[in-house]
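Any read-out appearing in this document is the output of simple, stated calculations on the displayed coordinates, not a laboratory observation. Just so it is clear, the structure is predicted and the values come from calculations on it, not from any experiment. Every residue, glycine as well, gets a Cβ built from its backbone with ideal geometry; the counts of neighbours run over all protein chains shown.
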Amino acid sequence: MGYLHLEGVACWLMGECLAPDNLAAAEPYVETAMSILGRIGSRNELARAMVTRAALRQAAGDLTKGRKLLEQADAMFRELGTLDEPARVKAALAALDRGSPIGLLASGT
């Protein structure tokens, strides 16, 4: 799992880095990250990638998919007992409801 975990996290971070400037380029990285992280069972990082993908889907106008991803990520974080992320997901859901951009996790916004 070591290399695959690193590859999955690297793909997520590439997506996070590209997202502010190039949504189309970011999405394949995040999709790859989700695939890898899901396959190896790295659920905490998978949920983080799902939040990023939710932000990308929101930016593309797909609010339904964005909300579904956020809800799935929230469930994973809560099941795992992740401390900080549920509050960030709650803030992302509130932003989605207001029509404000969802912040990206890697940047802390």
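Could you please find all residues in segment 8-55 being out of contact with any helix residue (DSSP H, G or I) (no Cβ under 6 Å at 6 or more places or on another chain), among the polar types (S, T, N, Q) and more than 21 Å from Leu96 (Cα to Cα)?
Ser35, the sole residue that qualifies.
So which pairs qualify, if the first residue must be in segment 18-45 and free of Cβ contacts under 8 Å to residues at least 60 places away in the same chain and closer than 20 Å to Arg78 by Cα, the second must be among the aromatic types (Phe, Trp, Tyr) and surrounded by 15 or more Cβ atoms within 10 Å (Cβ to Cβ), the Cβ gap must be under 9 Å, and the two must be at least 6 apart or on different chains?
Hits for this filter: Met34/Trp12; Leu37/Trp12; Arg43/Phe77; Asn44/Phe77; Glu45/Trp12.
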